[in-house]
Structure formats: C-alpha cells, structure tokens
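The structure under discussion appears below in the form of structure tokens.
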Amino acid sequence: MTGSELRKKFLEFFRSKQHTVVASDSLVPANDPSLLFTGAGMNQFKDNFLGVKRDLKRAASCQKCVRTGDVDEVGKTASHLTFFEMLGNFSFGDYFKPEAIAWGWEFLTKELKIPAAKLCISVYESDEEAAAIWVEKIGLAPDRIFRFGAKDNFWPSNAPADGPNGPCGPCSEIYFDYGRSLPGKICPDEKKCNPACKCGRFVEVWNLVFTQFDRQPDGSLPPLPAKNIDTGMGLERLTAVMQDKMAVFETDLFEPIVAEVRKLASGSGDLPKPILYVIADHARALTFLIGDGVIPSNEKRGYVVRKLLRKAVGAGRTVGINKPFLHKLIPAVIQIMKDAYPELESRQNAIAQTILSEEERFIQTLEQKMPLLEEEIRSLKEKVLPADRAARFYDTNGLPYELIAERCRQENVKPPSEAEFEKALEELQVKSRSASGFSKDIFAKDKLAELLASVPPTRFLGYEVKQNKASKILCLVENEKKVDVVLDATPFYGESGGQVGDTGLIKTPDAELKVTDTQWVGKVLVHRAELVRGKIREGDLVSAEVDQGQRQKTARNHTATHLLHAALRKVLGEHVIQAGSLVAPDRLRFDFSHSKALTASEKQTVEEMVNGWVKSGFPVSVQQMPVEQAKKSGAMALFGEKYAADVRVVSVGGVSKELCGGTHLSNSDEIGLVAIVGEGSVAAGMRRIEALTGEQAQAFLKAETVRQGEEKKRLAQHAKEKEQEAKIQKEKVKEAQDQVGKLKKERIGPFDLFAIRFDQPMDHSVLRPVADSIRKSEPEAVIFLTDSQGFCLAVVGPQAQKQGVSAGQLIKLGTQIAGGSGGGKADIAQGRLKEPSKVAELFERMKQTLLEGVKT
C-alpha cells in the first residue's frame with residue numbers, strides 16, 4: 001500500500017466515524033505566536049481545545065509538520081525527519097478513551113489488516129482506565145501492555161512534575177513489532193525486549209493522548225470540564241510498516257528522491273545512506289516550507305530554511321556534488337506529494353528558483369570564504385577554536401556551524417560544540433536567531449482570547465455597509481490607555497490578507513470612541529479604540545461608523561494590487577506568485593517570486609499595463625463559491641494561505657481573478673493612476689514592489705517630474721563645467737608643451753634628462769600628457785616634471801631602467817629633499833612635494849645620482 005493510499009484511507013475511515021476532515025494547516029501558524037512552525041496535528045485546533053471555538057466536535061486531518069529539534073539525527077536513525085505528515089483524529093469534549101482506543105485498533109487491524117500479534121501497547125503507569133479498555137474491550141493480553149512513567153507516556157512529557165501548566169493528560173501508544181532489530185543494532189536481551197528498548201525492533205506507530213487534566217501552578221491536576229482526544233500517527237512510519245521497511249527512507253515517499261540524489265552524485269562510488277537520507281529529507285522540508293511562503297533569510301523561520309539548505313548543500317559536497325543541485329530534486333518531491341497537495345505544482349518553478357538562487361549564493365560564499373576559514377584555523381596557537389571566534393566568523397562571513405566544525409576536524413582542531421556556538425552567536429547578535437520569542441507552551445493562554453471565549457462570533461457587515469446604527473457592545477477590555485471593544489455586528493474590516501484594519505468612530509448620544517485599529521481574535525473582531533468623550537458600557541447600542549475616506553483609499557490600493565499581480569505574471573511569466581502584501585490607505589507593497597531585479601523596461605511595461613487596465617474601466621465583481629471550484633476556475637490563491645470551504649472570488653474584468661476577503665472598488669477606473677515607486681530584493685528568489693495610487697501617485701509623479709527637471713539642469717550645468725575644465729586643461733597642456741619645445745635635454749652621463757619646473761599650477765592631469773608628448777620623441781629619456789604647487793611626475797625609459805634608474809626612486813629622492821609623499825613603479829611614478837622651493841636643489845641631487853648610478 002502506498003503512502004498516498006494510506007493517507008486517503010485514514011481520512012476516509014474517520015469521515016465514516018462522523019469526523020469533519022480538515023485540510024492541513026500551513027507550516028506557518030496564522031494565529032499562534034507561540035509556534036515557530038506547525039509541529040503537530042493538534043496545533044490548528046488549539047482554540048477548539050481551549051473552548052474559544054466551538055465549531056467542531058470531531059475532526060481528522062493529515063497535517064504537514066516541521067520539527068528541527070533533532071535535525072542532527074536525520075539520516076542516522078530509521079525514522080527521524082524534519083518534515084513529516086501527521087495523521088490525527090480529535091475530539092473536543094465529545095468521545096473519549098473507549099472510542100479513541102477502539103477506533104485506533106479497528107483502523108490498524110481491520111482496515112490495514114496488520115496482524116494483532118504484531119502490535120503491542122504502552123499506557124501511563126497509573127492509567128488503569130486505559131489499561132482496562134485494552135484488556136476488557138479490545139481483548140489484548142496483559143503481557144502485551146507495557147506501563148511507562150510520565151516521561152514516556154504523558155503529554156506534555158513529564159508534565160505532572162515539570163509542567164507546563166494547562167491542559168495535559170496520559171497517553172497510550174501503539175507499537176509495531178518488526179520481530180528483529182534494526183541493521184547495526186544489537187538487542188541486549190531479546191527475550192525481554194519491549195518498546196523501551198533502543199534496538200529498533202519496536203516502532204511507535206500511533207500516540208493516543210487523553211487530555212483530561214488542567215495542571216495548576218502548585219502541580220495539582222484537577223480534571224478538565226471537557227475531556228479531549230488528540231492522536232498522532234506519522235504517515236511515514238506507518239508507510240514503512242505497511243511496506244515492510246525498517247527505515248522510512250526506503251518507502252515510496254522517499255525512494256524516488258533518494259534515486260535522484262544517487263543520479264546527481266553518479267561517479268562518487270558507494271554513497272553513504274545517511275548522506276542520501278539527509279538530502280532527501282531536507283529537500284522535502286525546503287519544498288514545503290518555501291511552498292508555504294518561508295523564504296531563506298537570517299531571521300527566525302527564514303534562518304531555519306537557510307540552515308537546512310546549507311546543511312543539504314554541505315552533505316552534497318561530501319559525495320562530490322559541488323554545483324547547485326537541490327533545485328533539481330523539487331520535481332521528484334512534488335510528483336510524490338501532488339495528490340495531497342496539488343498547490344505545489346503551480347508553485348514548483350517559484351520554489352525551485354528560490355532554492356537555486358540561495359544555492360548559488362551559498363556556493364559563492366563557500367568559494368570565497370573557505371580560504372579565510374582555513375587561514376583562521378591555522379592561525380590558532382592552540383588546537384581549539386573558541387566559540388566566540390567561530391560565531392564572529394559566521395556572522396562576518398556567512399559560513400554555517402556545520403562547515404566550520406567539519407573544517408576544524410579536518411585540520412585536527414577541536415571545534416566548539418553547537419550549543420557553545422549558538423550561545424556565542426546569541427551574545428554577538430542583538431537579533432539572535434535563537435531569540436525568536438516563541439513560547440514552548442503551545443497552550444499559553446492569551447488573556448484576551450480567554451476573555452472572548454464565551455463571546456459569539458462577530459457578524460461582519462462591511463461588504464454591504466460602512467455604518468451600522470444598532471451595534472451592541474458585547475465586551476469591553478481595558479488595554480492601557482485604550483479600550484478593546486467587541487460588537488455583535490460591525491462594518492469595520494479587521495486586518496487580514498495583507499489589508500490593514502479599518503479606522504473610524506463608535507458613538508452613542510453621550511459618548512464617542514475613536515477606532516484606531518481592528519484585529520481578529522479567532523472569530524471575534526476587536527476594535528482598538530480611544531475614548532474621546534463620555535462613558536460606554538457593555539450592552540450599549542452604538543453607531544459603528546467606518547472612516548469612508550480611508551476605506552476608499554485602502555480599497556483603491558487593494559484593487560490595484562490585484563492588477564499589479566496580473567501584470568507581473570504577464571510581463572515576467574507564470575512563475576510569479578504572490579508571497580505577501582501590505583494594503584494600506586497611503587500605499588501598497590507586493591512581494592512576489594522572481595529571481596532577479598526588474599529592468600527599467602520591465603517596470604515601465606508593468607506600470608503601463610496596469611494603468612491601461614485602470615483606464616479601461618473594468619468592472620470589479622465578487623462571487624462566493626466552494627474553494628475547489630474557485631481554484632478550478634483559475635482564481636489565484638495566496639502563497640501558503642489556508643482557505644475556508646467557501647471562498648470569495650474577486651475578478652477585475654477578464655484580467656484578474658483571485659481568492660480574496662478584502663474590500664475593493666466597484667470599477668478599475670476609480671483607481672485613477674498607479675505609480676511604481678520602488679522595486680528591490682526581499683530574499684533570494686523574492687522581490688518587492690512598492691506603489692502609490694490616485695492622488696498620492698499623481699503627487700509622486702509631479703514631484704518626480706520636478707526632480708527630473710532639476711536633475712537635467714544640474715547635469716547640463718555639470719557638463720558645461722566639465723567642458724570648461726577640459727578646455728582650460730587643454731590650454732595648460734598646450735602651454736606646457738610649448739615650453740618643453742623651447743627647452744633642451746641635458747646629457748647626464750649615459751642618460752638624456754628632461755628636468756623641468758613649470759611656474760604655473762599644473763597638477764598630474766596636465767603633467768602626464770606633457771610627459772607622454774616627450775616620450776613620443778624621446779622614449780629612452782629620464783623625465784622629471786613638477787609645477788608651482790609641488791605636483792611632480794617621473795618617467796624612465798626601458799634602457800635607463802636596465803641601468804638601475806627607477807621613477808619610483810626619483811620621486812622618493814624628491815620627497816627626501818623637499819618633503820611630501822608619492823610613489824609608483826620603475827617606469828612611472830608621481831607625488832607632491834611639500835616645499836616646491838627646493839626643486840633646484842632636487843634637480844642638482846638628481847643629476848649627481850644619475851652620474852653615480854642608481855641601483856633599485
């Protein structure tokens with residue numbers, strides 16, 4: 001059975017058990033600042049577990065996940081991965097242990113037909129309830145049930161003793177017994193081998209978490225009012241079991257990628273499996289992370305992507321792949337995963353281009369910086385590289401820890417541990433990559449979310465009206481000098497999809513609030529406001545009034561953003577995909593996938609195309625439809641965004657069609673004008689355009705016209721000045737040449753000497769052409785020219801050089817006598833004398849030197 005078939009079978013099984021099948025969330029959690037990446041199936045259901053949302057009782061999903069805590073174990077073990085898929089079924093105050101255990105057993109033994117004799121169970125040591133269900137309802141022999149402590153069979157691990165506070169509970173794990181140890185592993189006691197053994201015979205397939213307690217600060221575990229079920233089963237591990245493979249890398253989810261790596265490394269002999277597996281795993285992680293909009297950078301999530309890519313590139317170099325190659329693995333990854341994640345196909349070029357750009361930059365860094373690292377290592381007096389020097393080298397030169405450590409070992413130098421390196425880097429950089437501010441407690445309770453848990457969802461009226469005269473205040477929360485206001489219904493648009501929140505007023509006959517921002521907290525819209533006058537109370541009926549001028553400007557920029565996206569795809573190519581945006585009243589910003597800067601011609605073409613569509617007066621239409629129908633109709637979706645079952649499709653004439661929940665104009669001609677005011681790089685393979693519309697665009701173009709006019713005048717004046725300077729210089733050169741023509745050379749021993757002092761200021765720009773004119777007729781002469789300001793130039797012919805005369809030495813002689821500085825080569829040198837009055841003395845000493853002979 002293939003991995004793809006298993007994924008479908010699991011979801012269909014739980015659909016038959018009245019579970020709502022929910023699509024995978026993005027790897028970047030949209031509304032959970034406690035998480036760096038989505039690392040478990042339950043993450044997207046956090047609000048359901050907390051009771052903030054009550055829209056689901058049962059759910060099932062196949063969630064794409066990224067965990068990097070054990071990244072160094074990838075390839076070394078049979079099942080460690082950075083990217084993986086987690087199958088899960090969930091209950092929010094509905095069913096509990098009996099159903100969760102029974103359905104888990106039914107799926108494995110009935111649906112997948114895994115022999116019951118090949119499965120065994122672990123339970124928390126004091127969870128008698130779960131143990132009894134396994135024995136009495138499932139019929140499992142007691143000797144197939146193993147009891148472990150809170151470290152292994154409680155979630156979060158060891159929570160009773162160590163926390164964190166909040167929802168927690170015991171778990172029961174289902175193991176598959178391979179009947180044999182992993183290759184290279186030896187079981188210390190085969191007769192007593194059990195799931196706790198490290199020999200690899202038993203592999204955890206499914207973890208059933210029974211969330212039934214609410215840990216308190218004093219360590220007590222009172223029961224939750226509503227008990228929950230949270231299960232997780234790694235698709236890759238299950239696939240390995242079903243395909244009788246002991247390593248996930250040998251399954252159909254990995255084999256085509258590994259085969260492609262082998263092909264790229266052909267000629268490198270017998271390739272070590274750990275290297276192949278690391279590259280295959282990281283290629284999958286990079287594909288999905290970049291596909292969800294995470295771009296390589298030096299901050300937070302982007303740093304993880306950059307680190308994974310560089311580790312994979314480094315692994316490739318150890319098997320002889322020294323050119324960019326990771327981008328070539330992306331088609332293989334997408335071919336395997338496209339059934340479950342069809343959006344990857346449309347993003348394939350953008351993902352590959354982003355990876356290629358980052359690879360090229362990193363390989364260039366390696367070629368330039370590795371010699372510096374080698375020099376750094378060889379300069380060490382002791383055979384130990386301090387952590388602070390390693391961190392400073394990384395920060396300055398961009399080489400990752402892995403390559404620094406590897407090079408140290410090659411030179412028999414002890415590198416710092418990775419922990420020491422990270423600590424030193426944190427101290428070195430104010431914006432530390434590890435100081436992300438993400439809480440490890442995914443159930444960290446947000447005060448506002450808790451207060452709003454009992455508040456019903458806000459009815460949004462803003463598509464139809466901009467004022468509602470009968471909104472009711474459901475909740476007021478004081479927030480320093482401001483107040484957060486929740487209404488039952490509102491015309492205010494809450495910040496989302498790149499569009500900023502509305503501003504405006506909330507009024508009663510006796511009070512007035514100025515709304516400065518609007519934000520969604522779950523399904524509740526919070527109006528952040530300042531009290532202007534009077535008093536307000538929960539239960540008051542108010543008039544909610546959006547600032548229509550600001551809304552119109554924002555709508556103008558939003559509709560213009562859609563046209564800009566469409567124009568970029570037409571001019572640059574279909575690989576252009578939106579990666580983010582800012583739509584505000586005063587400006588718009590648009591991030592998109594593209595590998596290089598736009599040329600002036602491309603920018604002009606895009607701008608002219610957009611303005612052509614603006615003038616055409618295309619109608620803006622909005623339709624509501626199922627998300628799959630919308631995508632089939634050609635509607636563009638945002639990079640990495642997760643959409644509801646029904647979506648809003650915004651079309652501008654026949655040129656733009658996007659999934660969008662924002663506010664828009666009714667016709668493109670209301671935009672007036674679009675002006676691109678900036679274009680630059682955001683990250684490798686990602687560009688950003690900034691633009692203005694309407695009056696702001698007109699003001700910008702007017703100011704730009706004035707600026708260009710002033711610049712034109714300045715350049716004309718500059719050209720005139722340069723022309724005058726050139727004319728003056730030409731006259732000086734001619735005058736000097738005339739003087740030279742009247743002078744005779746002196747014969748000093750075997751040398752012809754032109755030692756000339758001009759009474760007027762010349763500088764080097766005049767002295768050089770004068771010397772050139774002398775050399776044309778006297779190529780073997782020794783020439784020394786100086787002016788009234790002390791500028792001097794020495795030129796020595798080839799024969800004189802052979803006899804030991806050096807132009808550089810003549811300038812040096814001049815500075816010794818008359819002070820100043822200068823230098824050059826044997827044939828030509830220049831300088832400036834501090835005391836031009838000593839030139840006569842210099843010439844006499846020069847003649848004497850030439851007679852005596854100068855050896856360089």
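Per-structure values
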quantity	calculated
Filtered residues of the range 185-194 (kept if in a helix (DSSP H, G or I) and of a type outside the set (D, E))	K191, K192
Residue count for the range 832-856, restricted to those that are open to solvent by 10 Å² or more (accessible area, probe 1.4 Å) and outside any helix (DSSP H, G or I)	7
Out of R648, R687, R587, sole residue that is open to solvent by 60 Å² or more (accessible area, probe 1.4 Å) and under 30 Å from the mean Cα position of the chain (by Cα)	R587
Test: residue in the range 741-762 that is in contact (Cβ under 8 Å) with a residue 12 or more places away in the chain, open to solvent by 70 Å² or more (accessible area, probe 1.4 Å) and in contact with a Gly (Cβ under 7 Å, 6 or more places away or on another chain)	no
Cβ-Cβ under 8 Å pairs, at least 6 apart or on other chains, the range 667-694 side over 27 Å from K596 (Cβ atoms), far side part of a strand (DSSP E or B) and open to solvent by less than 30 Å² (accessible area, probe 1.4 Å)	N667/V620; S668/V620; S668/V652; I671/T693; G672/T693; L673/T693
Tabulated pairs, the range 351-368, first at pLDDT below 85, second surrounded by fewer than 21 Cβ atoms within 10 Å (Cβ to Cβ) and not charged (D, E, K, R), C-beta under 7 angstrom, 6+ apart or interchain	T365/G398
Subset of the range 656-684 [open to solvent by 30 Å² or more (accessible area, probe 1.4 Å) and touching a strand residue (DSSP E or B) at 6+ places or on another chain (Cβ under 9 Å)]	K657, G661, H664, S666, N667, E670, G672, L673, V677, E679, S681, V682
Count of residues meeting criterion [in a strand (DSSP E or B), free of Cβ contacts under 8 Å to residues at least 40 places away in the same chain and open to solvent by 20 Å² or more (accessible area, probe 1.4 Å)] in the range 605-645	4
Number of the condition not met by V805 [criteria: (1) under 19 Å from A840 (Cβ atoms); (2) modelled with pLDDT of 90 or more]	(1)
In the range 339-373, residue surrounded by the most Cβ atoms within 10 Å (Cβ to Cβ) [restricted to those that are under 16 Å from the mean Cα position of the chain (by Cα) and of a type in the set (S, T, N, Q)]	T354
Tally of residues being aromatic (F, W, Y) and in contact with an Asp or Glu (Cβ under 7 Å, 6 or more places away or on another chain) across the range 657-702	0
Residues of the range 675-702 classified as more than 14 Å from L568 (Cα to Cα) and β-branched (V, I, T), total	3
Failed condition for K713, given (1) part of a strand (DSSP E or B); (2) loosely packed, with under 12 Cβ neighbours inside 10 Å	(1)
Of the criteria (1) open to solvent by 30 Å² or more (accessible area, probe 1.4 Å); (2) of a type in the set (A, V, I, L, M); (3) assigned to a helix (DSSP H, G or I), which one L182 fails	(3)
Qualifying positions in the range 516-534 - more than 22 Å from P456 (Cβ to Cβ), in contact with a Ser or Thr (Cβ under 8 Å, 6 or more places away or on another chain) and open to solvent by 70 Å² or more (accessible area, probe 1.4 Å)	E530
Matching residues in the range 229-263 - criterion: being outside any helix (DSSP H, G or I) and either crowded, with 24+ Cβ neighbours inside 10 Å or hydroxyl-bearing (S, T, Y) (or both)	I229, D230, T231, M233, T251, L253, F254
Residue match in the range 63-80 (condition: assigned to a loop (DSSP other than H, G, I, E, B), of a type outside the set (V, I, T), modelled with pLDDT of 95 or more and farther than 23 Å from A150 by Cα)	no
Residue list for the range 72-89, filter: in contact with a Pro (Cβ under 8 Å, 6 or more places away or on another chain) and open to solvent by less than 30 Å² (accessible area, probe 1.4 Å)	G75
Any hit, the range 535-547, residues being open to solvent by less than 10 Å² (accessible area, probe 1.4 Å) and out of contact with any strand residue (DSSP E or B) (no Cβ under 7 Å at 6 or more places or on another chain)	no
Conditions (1) assigned to a helix (DSSP H, G or I); (2) surrounded by 19 or more Cβ atoms within 10 Å (Cβ to Cβ); (3) among the charged types (D, E, K, R): number failed by K702	(2)
Residue match in the range 474-490 (condition: in contact with a Lys or Arg (Cβ under 7 Å, 6 or more places away or on another chain), open to solvent by less than 60 Å² (accessible area, probe 1.4 Å) and under 30 Å from S593 (Cα atoms))	no
Flag if F92 is under 18 Å from A240 (Cα atoms), out of contact with any Pro (no Cβ under 9 Å at 6 or more places or on another chain), open to solvent by 10 Å² or more (accessible area, probe 1.4 Å) and of a type outside the set (K, R)	no
Hits in the range 786-810 - residues which are within 21 Å of P750 (Cβ to Cβ) and of a type outside the set (G, A, S)	V795, V796, P798, Q799, Q801, K802, Q803, V805, Q809, L810
Verdict on N165 being touching a strand residue (DSSP E or B) at 6+ places or on another chain (Cβ under 8 Å) and buried (at least 17 other Cβ atoms within 10 Å of the Cβ)	no
Scan of the range 613-635 for residues that are under 14 Å from T559 (Cα atoms) and of a type outside the set (S, T, Y), ordered by number	W613, V614, K615, G617, F618, P619, V620, V622
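This table checks each residue for (1) of a type in the set (F, W, Y); (2) without any contact (Cβ under 8 Å) to a residue 12 or more places away in the chain; (3) over 27 Å from Q63 (Cα atoms).
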position: I186; (1), (2), (3): no, no, yes
position: P195; (1), (2), (3): no, no, no
position: P217; (1), (2), (3): no, no, yes
position: S220; (1), (2), (3): no, yes, yes
position: I229; (1), (2), (3): no, no, no
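Rundown of residues vs (1) without any contact (Cβ under 8 Å) to a residue 12 or more places away in the chain; (2) charged (D, E, K, R); (3) not in a helix (DSSP H, G or I), yes/no style:
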{"position": "F393", "(1), (2), (3)": "no, no, no"}
{"position": "T396", "(1), (2), (3)": "yes, no, no"}
{"position": "L403", "(1), (2), (3)": "no, no, no"}
{"position": "A419", "(1), (2), (3)": "yes, no, no"}
{"position": "E426", "(1), (2), (3)": "yes, yes, no"}
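Residues checked against (1) under 17 Å from T849 (Cβ atoms); (2) crowded, with 16+ Cβ neighbours inside 10 Å; (3) in contact with a helix residue (DSSP H, G or I) (Cβ under 9 Å, 6 or more places away or on another chain):
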{"position": "K776", "(1), (2), (3)": "no, no, no"}
{"position": "E780", "(1), (2), (3)": "no, no, yes"}
{"position": "G790", "(1), (2), (3)": "no, yes, yes"}
{"position": "L793", "(1), (2), (3)": "no, yes, yes"}
{"position": "P798", "(1), (2), (3)": "no, no, no"}
{"position": "S806", "(1), (2), (3)": "yes, yes, yes"}
{"position": "K812", "(1), (2), (3)": "yes, yes, no"}
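The values are calculated or read from the model by the stated rules, or taken from the named source; none is laboratory data. All figures in this text were calculated on a predicted structure; none of them were measured in a lab. Because the Cβ atoms are built from the backbone with ideal geometry, glycine has one as well, and the counts that use them run over all protein chains shown. SASA here: full protein model, heavy atoms, side chains in, ligands and nucleic acids out. Shrake-Rupley method; radii C 1.70, N 1.55, O 1.52, S 1.80 Å.
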